[in-house]
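Everything on this sheet refers to the single structure shown next.
The values are calculated or read from the model by the stated rules, or taken from the named source; none is laboratory data. What you see is a predicted model; the values in this text were computed from it and never measured. Every residue, glycine as well, gets a Cβ built from its backbone with ideal geometry; the counts of neighbours run over all protein chains shown.
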Amino acid sequence: MSVTTADTPQPWPMNAWYAAAWDHEVKRKLLPRTICGKKVVLYRRSDDRVAALEDACWHRLLPLSMGRLEGDEVVCGYHGLVFDASGRCTHMPSQDTINPSACVRTYPVVEKHRFVWLWMGDPALADPALVPDLHWNKDPEWAADGKLIEVACDYRLVIDNLMDLTHETFVHSSSIGDRNVAEAPFAVTHGDRTVTVTRWMEGILPPPLWAAQYGRPGPVDRWQIIRFEAPCTVAIDVGVAEAGTGAKAGDRSKGVNGMVLNTITPSTEKTCLYFWAFARNYDILNQKRTTDLREGVANVFREDEVILEAQQRAMDEHPEKVFFNLNIDAGSMWARRLIDRRIAAERPGPRAVAAE
């Protein structure tokens, strides 16, 4: 585990797109969020575009989110200074001349895959093409829905949890876990921006959630293909198909296929915003199934939340302790290496490379 001090960098890269909200959360009112240690206020303009401003008035630093929205401008709730969507002050009380330095920072915004993404670092580097791929969340061939969880833990603990699904056997035994997950072999591959963990469980009986989705008796071949995209996004290809019908070779027609979509946004060193969705490519017009799956997966993730927050408390109580790694940690170890490299690349001076 790592501890950030005044002499060490923040534990996240700034030059990255981070999910700040579901698209439906941002309305014609002020929405405060903390992203990468920065207070931000979001709102939807009259042309439906999203504005993201530093949540601190230029004058006396009161959070702008404590003010109000008038038209497309934010009015500070303390002395009435007005800021437009570009962050520039357009009105000061009791004076005609506006100080030209009176402005607040704005952040680049992209709406994609039903999320509102912010770029917290150098705005000149904010390439929309770098938004992580979660297209299943808005693909007409898939049905998807999800939620936001505010978790009281280091964001990297959530990534660790997603990169090693062995815990399903022990944390989620009533829904998606059984002994096969913990005992099945897996393979790990990695590149400059991604890590993939692939696990197949062949000729097994499905756990309860998948048995309900599959809807037929008999053994299945089950898969979990986890793809991490640095710094904070994990898309997991999951499903079951009738055993021996070619799912591993690419024919999934005799089964059901889902995608578990996750993107985690650090808020502070010990809190994060966990955006998730479950998408499926079968029975996609059945809204009841979509809702039931969303709530079922939400129950699964609540079990994760309990574990992750307990883990963070234990870390706080035992700062002298370090993590030990097993074979099952290979995926999370590589994910952390890629995150560390992104952080090191932003340090001033000679570029540092994280130790492997």
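Looking at the range 178-193, which of the residues that are aliphatic (A, V, I, L, M) and touching a helix residue (DSSP H, G or I) at 6+ places or on another chain (Cβ under 8 Å) is nearest to Arg336 (Cα to Cα)?
Val188
Of the conditions (1) more than 26 Å from the chain's Cα centre (by Cα); (2) surrounded by 18 or more Cβ atoms within 10 Å (Cβ to Cβ), His59 clears all except one; give me its number.
(2)
Does Val297 qualify as being part of a helix (DSSP H, G or I) and either crowded, with 17+ Cβ neighbours inside 10 Å or not assigned by TED's automatic domain parsing to the domain that holds Ile236 (or both)?
Yes; evaluated as a whole, the condition is true for this residue.
If you go through the range 255-285 one residue at a time, how many are more than 17 Å from Cys232 (Cα to Cα), crowded, with 17+ Cβ neighbours inside 10 Å and among the aliphatic types (A, V, I, L, M)?
So the answer is 2.
For Lys288, state whether it is basic (Lys, Arg) and assigned to a loop (DSSP other than H, G, I, E, B).
Against the criterion (basic (Lys, Arg) and assigned to a loop (DSSP other than H, G, I, E, B)), Lys288 does not qualify.
Only one of (1) at pLDDT below 85; (2) farther than 20 Å from Ala298 by Cβ; (3) not basic (Lys, Arg) is not met by Ser173, so which one is it?
(2)
Does the range 11-45 hold any residues that are of a type outside the set (A, V, I, L, M, F, W, C) and closer than 14 Å to Glu111 by Cβ, and which are they?
Tyr18, Asp23, His24, Glu25, Lys27, Tyr43, Arg44, Arg45 - these are the residues of the range 11-45 that are of a type outside the set (A, V, I, L, M, F, W, C) and closer than 14 Å to Glu111 by Cβ.
Could you please find all residues in the range 217-259 being touching a residue at least 60 places away in the same chain (Cβ under 8 Å) and either within 20 Å of Val297 (Cβ to Cβ) or among the basic types (Lys, Arg) (or both)?
Ile226, Phe228, Cys232, Thr233, Val234, Ala235, Ile236, Met259
For Ser86, all conditions in the list (1) surrounded by fewer than 21 Cβ atoms within 10 Å (Cβ to Cβ); (2) touching a Phe, Trp or Tyr at 6+ places or on another chain (Cβ under 7 Å); (3) of a type outside the set (Phe, Trp, Tyr) hold save one; what is the number of the exception?
(2)
Yes/no per residue for (1) of a type in the set (D, E, K, R); (2) within 25 Å of the chain's Cα centre (by Cα); (3) within 26 Å of Asp283 (Cα to Cα):
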residue: Glu183; (1), (2), (3): yes, no, no
residue: Ile204; (1), (2), (3): no, no, yes
residue: Gln213; (1), (2), (3): no, no, yes
residue: Pro217; (1), (2), (3): no, no, yes
residue: Gln224; (1), (2), (3): no, yes, yes
residue: Asp251; (1), (2), (3): yes, no, yes
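Tally time: how many residues in the range 229-243 are closer than 17 Å to Val256 by Cβ and either among the charged types (D, E, K, R) or part of a loop (DSSP other than H, G, I, E, B) (or both)?
The total comes to 3.
In the range 202-222, what residues are surrounded by 22 or more Cβ atoms within 10 Å (Cβ to Cβ) and in a strand (DSSP E or B)?
Of everything in the range 202-222, those that are surrounded by 22 or more Cβ atoms within 10 Å (Cβ to Cβ) and in a strand (DSSP E or B) turn out to be Val220, Asp221, Arg222.
Considering each of Tyr155, Tyr78 in turn, give the residue that is under 17 Å from Glu54 (Cβ atoms) and surrounded by 14 or more Cβ atoms within 10 Å (Cβ to Cβ). Explain how you work it out, then say what you get.
Details: Tyr155 fails: under 17 Å from Glu54 (Cβ atoms).
Selected residue: Tyr78, the only one of Tyr155, Tyr78 that is under 17 Å from Glu54 (Cβ atoms) and surrounded by 14 or more Cβ atoms within 10 Å (Cβ to Cβ).
Condition check: in contact with a helix residue (DSSP H, G or I) (Cβ under 6 Å, 6 or more places away or on another chain), of a type in the set (A, V, I, L, M, F, W, C) and in contact (Cβ under 8 Å) with a residue 40 or more places away in the chain. Does Trp142 satisfy that?
Yes: the conditions hold for Trp142.
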